[in-house]
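Data first, discussion second: the structure below is written as structure tokens.
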Amino acid sequence: MGISIVHASIGSTPYTVELSDDLGHRWLGDEPEDVGGANAGPSPERLLLSALGTCTAVTVSMYAARKQWPLTGVKVELAFNPDGKPAAGTDITRRVELLGELDDAQRERLLMAANACPIHKVLTGDVRIATTLAA
């Protein structure tokens, strides 16, 4: 797997950010109208949750397919600071629904797979962000 690259740029529309990646995908990020945005795309928190939700669903699905288990679908619901901003840190709740005729042992193992998805590891691990100014 190569290096993932995302470009973000903002113009004259307040808070609406145009995003693109090295694979040619294009999407928007924005803020809700009640904080001055145009609500033209998901907020930064929702974009972060979407990465975790996507990674969770894909990781669980891949694991079940490899084991040839009867998983027919995965639904993931995530919330960012659902009880308000904590005094320290950030709280994310994640509810995973596994569809299909799975036994308790399979369900438990798939939960472990969800907790091992790469984005979960990033969010719960040591993250370093090096920021520089472009010339």
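Nothing in this text is a laboratory measurement; each read-out follows from the coordinates by a stated rule. From a predicted model like this one, the values you see are computed outputs, not experimental measurements. Reconstructed Cβ throughout: ideal geometry from the backbone, glycine too, with neighbour counts over all protein chains shown.
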Return the whole-Å distance between the Cα centroid of the stretch 94-135 and the Cα centroid of the stretch 1-75. 14
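With viscosity set to 1.567 mPa s and temperature to 4 °C, compute the Stokes-Einstein D of the stretch 89-135, Rh being the Kirkwood radius across alpha carbon pairs; µm²/s, no decimals. It would help to have the intermediate numbers written out before the result.
Details: Rh = 13.7 Å.
D, rounded to a whole number, is 94 µm²/s.
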Over the chain, with a Gaussian network built from C-alpha contacts below 10 Å, which listed residue (Asp30, Asp21, Asp91) shows the highest mean-square fluctuation? Asp21
Over the chain, what relative contact order in percent results from Cα pairs under 8 Å that are six or more residues apart? 16
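Run the dipole for the chain about the Cα centre, Lys and Arg Cβ at +1, Asp and Glu Cβ at -1, nothing else charged, and hand back the magnitude in debye, nearest 20. Before the final figure, lay out each step's value.
Values: 12 positive and 17 negative charges, 101 e Å.
Computed charge dipole of the chain: roughly 480 debye.
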Out of residues 5 or more away from Gly100 or on other chains, whose amide H comes under 5 Å of its own, with H placed 1.01 Å from N in the peptide plane? Thr72
Round to the nearest 10 and give me the degree value, 0 to 90, for the angle of helix 104-115's Cα axis relative to the longest principal axis of the chain. 20
Mean projection area, nm², convex hull over Cα of the chain: 11.5
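Can you compute the helix-only [θ] at 222 nm over the chain? Use -39500 (n - 2.57) per DSSP H run of at least 4 residues, normalise by all residues, nearest 500 deg cm²/dmol. Display every interim value, and only then the final one.
Working: 3 runs with 43 residues, N = 135.
Here the helix-only value at 222 nm equals -10500 deg cm²/dmol.
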For Ile10, Ile119, Ile3, ascending order of other Cβ atoms within 10 Å (fewest first) is Ile3, Ile10, Ile119
What are the ³J(HN,Hα) values, in whole Hz, obtained from phi via the Karplus relation 6.51 cos²θ - 1.76 cosθ + 1.60 with θ = phi - 60°, for each residue of the stretch 79-95 in sequence order, with x given for Gly and Pro? 9, 9, 6, x, 9, x, 5, x, 4, 9, x, 9, 10, 10, 9, 9, 10
Say each of Val122 and Lys85 gets a label point 7 Å from the Cα, pointing the same way as Cα to Cβ; how far apart are those two points in nm? 2.4
Taking K and R as +1 and D and E as -1, what net charge do the other residues with C-beta under 14 Å from the C-beta of Ile10 add up to? -3
